[in-house]
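Notes follow the structure.
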Amino acid sequence: MFTSKTSWQVESNVTIECNFTDGPGQTLDQITFGLMDGPNPEKFITVYSNSGLVIETNPWPSKWSWYQGRVSWVGDLVSKKAAFRLTKAALNDSRIFYCQVQWLGSFESKRAETSILITGL
């Protein structure tokens with residue numbers, strides 16, 4: 001599901017891409033992006049397909065507040081590409097991120113995880 005590279009340099013802008021497809025009779029409801037904090041997912045952004053509304057977590061958990069203002073939606077719902085940008089990558093951004101896709105009227109969702117590694121200059 002993830003198509004982006006996994007290794008980035010410090011200070012670069014990281015783009016995490018996740019492609020998805022709808023099954024027969026499925027209509028996209030929302031896409032959520034965040035990071036895995038142990039077994040628990042920490043949600044950063046939710047994108048709603050019916051309105052295109054992008055909602056950042058508010059308030060940001062203090063544990064992850066350094067991501068506020070650095071994470072943004074850069075995807076395209078029409079082409080079925082969920083993409084998120086993390087600006088000014090730092091070494092401590094080397095983590096496991098996730099993208100979860102949910103369909104309308106269904107309890108079915110798909111979540112994919114990817115690790116990114118931030119390296120020094």
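The values are calculated or read from the model by the stated rules, or taken from the named source; none is laboratory data. Computed from a prediction, not measured in an experiment: that's the story for all the values here. Neighbour counts are summed over all protein chains in view; Cβ atoms, including those assigned to glycine, are modelled from backbone coordinates with ideal geometry.
With a requirement of 2 or more residues that are in contact with a Lys or Arg (Cβ under 6 Å, 6 or more places away or on another chain), the strands (runs of 3 or more DSSP E) lying completely within region 1-98 that satisfy it span 14-19, 28-37. Note on region 30-84: residues that are charged (D, E, K, R) and in contact (Cβ under 8 Å) with a residue 24 or more places away in the chain amount to 4. Determine whether V47 is farther than 18 Å from A112 by Cα and aliphatic (A, V, I, L, M). The answer is no for V47. Pairs meeting the criteria (first residue in region 92-118 and at pLDDT 90 or above, second residue crowded, with 19+ Cβ neighbours inside 10 Å and of a type in the set (D, E, K, R), beta carbons under 6 Å, at least 6 apart or on different chains) are I118/D93.
Can you tell me which residues in region 1-31 are surrounded by 14 or more Cβ atoms within 10 Å (Cβ to Cβ), within 14 Å of D76 (Cα to Cα) and β-branched (V, I, T)? Answer for region 1-31, where residues must be surrounded by 14 or more Cβ atoms within 10 Å (Cβ to Cβ), within 14 Å of D76 (Cα to Cα) and β-branched (V, I, T): T15, I16, I31. Taking the criterion of being within 10 Å of the chain's Cα centre (by Cα) and not hydroxyl-bearing (S, T, Y), the residues of region 82-100 that qualify are A82, A83, F84, R85, L86, F97, C99, Q100. For region 57-76, the tally of residues that are surrounded by 16 or more Cβ atoms within 10 Å (Cβ to Cβ) and not polar (S, T, N, Q) stands at 7. Being among the hydrophobic types (A, V, I, L, M, F, W, C) and at pLDDT below 85 holds for only one residue in W73, W60, and it is W60.
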